[in-house]
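Working notes, beginning with the structure itself.
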Amino acid sequence: MIRRRLSVPRIVGRLQHAYRDWERLVESLPRDLGDGFRRMRDGTLSVLLGHRHIDPVINRLVLGVMTAAMFVGSSLYWGMKAPPTLEGIYVFGAAGYLIAAYFGWRLLHAIKKSGDVD
């Protein structure tokens, strides 16, 4: 196997293949660069970035940030003892905790449903 891999005909074939690749690159590079510079100068150059299956990831990230913000905001309301109160419970703080708990439950449910939990 080593003898076949290091045989002279195989090495020569690989070198010829590499030479053809480099030759194509050297021939096409000036034309491609010129075309790219012309498009930049004309303002017609466009770059397309395609991301597959990133929407669920972004949605989970946003939901996680919203959940954290709701917990922090509710803690601030509760800690500042912001009125109104209902039988000693600070309404905005408690409402924020409930909303944050719901967001957290939805986030955990989405992660569990996707099967990406280790």
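Data overview
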quantity: Which listed residue is open to solvent by 100 Å² or more (accessible area, probe 1.4 Å), farther than 30 Å from His109 by Cβ and under 30 Å from the mean Cα position of the chain (by Cα), from Val8, Val47; calculated: Val47
quantity: Of all residues making up the range 50-65, the number that are touching a residue at least 12 places away in the same chain (Cβ under 8 Å) and either of a type in the set (Phe, Trp, Tyr) or open to solvent by 90 Å² or more (accessible area, probe 1.4 Å) (or both); calculated: 1
quantity: Ala68 vs. criteria in contact with a helix residue (DSSP H, G or I) (Cβ under 6 Å, 6 or more places away or on another chain), in a helix (DSSP H, G or I), surrounded by 12 or more Cβ atoms within 10 Å (Cβ to Cβ) and at pLDDT 95 or above; calculated: no
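The values are calculated or read from the model by the stated rules, or taken from the named source; none is laboratory data. Only a predicted model underlies this, so the values are computations on that prediction, with no experimental measurement involved. In this analysis, Cβ positions are derived from the backbone assuming ideal geometry, glycine residues included, and neighbour counts consider all displayed protein chains. These area figures cover heavy atoms from the full protein model, side chains too; ligands, DNA and RNA do not enter into them. Shrake-Rupley method; radii C 1.70, N 1.55, O 1.52, S 1.80 Å.
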